[in-house]
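To start, the structure itself, in structure tokens.
Where a number appears in this text, it was derived from the coordinates with a stated rule and is not lab data. No experiment lies behind these values; they were computed from the predicted model shown. Cβ: placed from backbone, ideal geometry, glycine included. Neighbour counts: every protein chain shown.
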Amino acid sequence: MKNITITLPEDLARWLRVRAAEDDRSVSRWIRELLERKRHREDDYEIAMKRYLAREPRKIEWPDGRRPSREELYDRSRLR
């Protein structure tokens, strides 16, 4: 493990100590788990994005073989 030092405003440090105590963790453990969750979310996002971008593009099949006009695409009256 590597120790680091961070500087926080007093009110944020107080909030952090209370939150960590409520979760029955040390401040160090609470921050470590928070950062690990963030790292895993970013890793998961990166994997999903690469998987999506690796897919072959597919052709859109338009009804009746014609594309809708701009007016048809933005016609909000159908949504009411």
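Nearest 10 degrees, 0 to 90: what angle lies between the long axis of helix 27-53 and the longest principal axis of the chain (Cα atoms)?
The angle comes out near 20 degrees.
Based on a Kirkwood Rh over C-alpha pairs, give the Stokes-Einstein translational diffusion coefficient of the chain at 10 °C and viscosity 1.306 mPa s in µm²/s. Don't jump to the answer; show the numbers that get you there.
Numbers: Rh = 18.3 Å.
Rounded, D is 87 µm²/s.
Applying 1/(1 + (r/R0)^6) with R0 = 30 Å to the Cβ-Cβ distance of THR7 and ARG41, what FRET efficiency is obtained, to the nearest 0.05?
After rounding to 0.05, the efficiency reads 0.70.
Of the residues ILE60, ILE31, ILE47, which exhibits the maximal mean-square fluctuation in a Gaussian network model of the chain defined by a 10 Å Cα contact cut-off?
Looking only at ILE60, ILE31, ILE47, the largest GNM fluctuation is found for ILE60.
Quick check on the chain: helices-only [θ] at 222 nm, where DSSP H runs of length 4 and up contribute -39,500 (n - 2.57) each and the sum goes over total residues. Nearest 500, please.
Values: 3 runs with 44 residues, N = 80.
Roughly -18000 deg cm²/dmol at 222 nm, from the helical runs in the chain.
What does the extension gain come out to for LEU53 and VAL27, with contour length at 0.36 nm per residue minus their alpha carbon separation?
On the way: separation 26, 0.36 × 26 = 9.36 nm, distance 3.91 nm.
Residue separation times 0.36 nm, minus the Cα-Cα distance, leaves 5.5 nm.
Could you calculate the contour length gain from ARG70 to VAL18, that is, 0.36 nm times the residue separation minus the distance between their Cα atoms, to one decimal place in nm?
Between ARG70 and VAL18, full extension yields 13.2 nm more.
Pull out a ≥ b ≥ c, the square roots of the eigenvalues of the alpha-carbon gyration tensor of region 36-76, then state rounded if a/c is under 1.5, prolate if not and a/b is larger than b/c, and oblate in the remaining case.
Oblate.
Give the residue from TRP30, THR7, SER77 lying farthest towards the positive end of the charge dipole for the chain; charges sit on Cβ (+1 for Lys and Arg, -1 for Asp and Glu) and the dipole is referred to the Cα centre.
Ranked along the dipole, the leading option is SER77.
Report, in degrees rounded to the nearest 10, the 0 to 90 angle that the Cα long axis of helix 10-22 makes with the longest principal axis of the chain.
90
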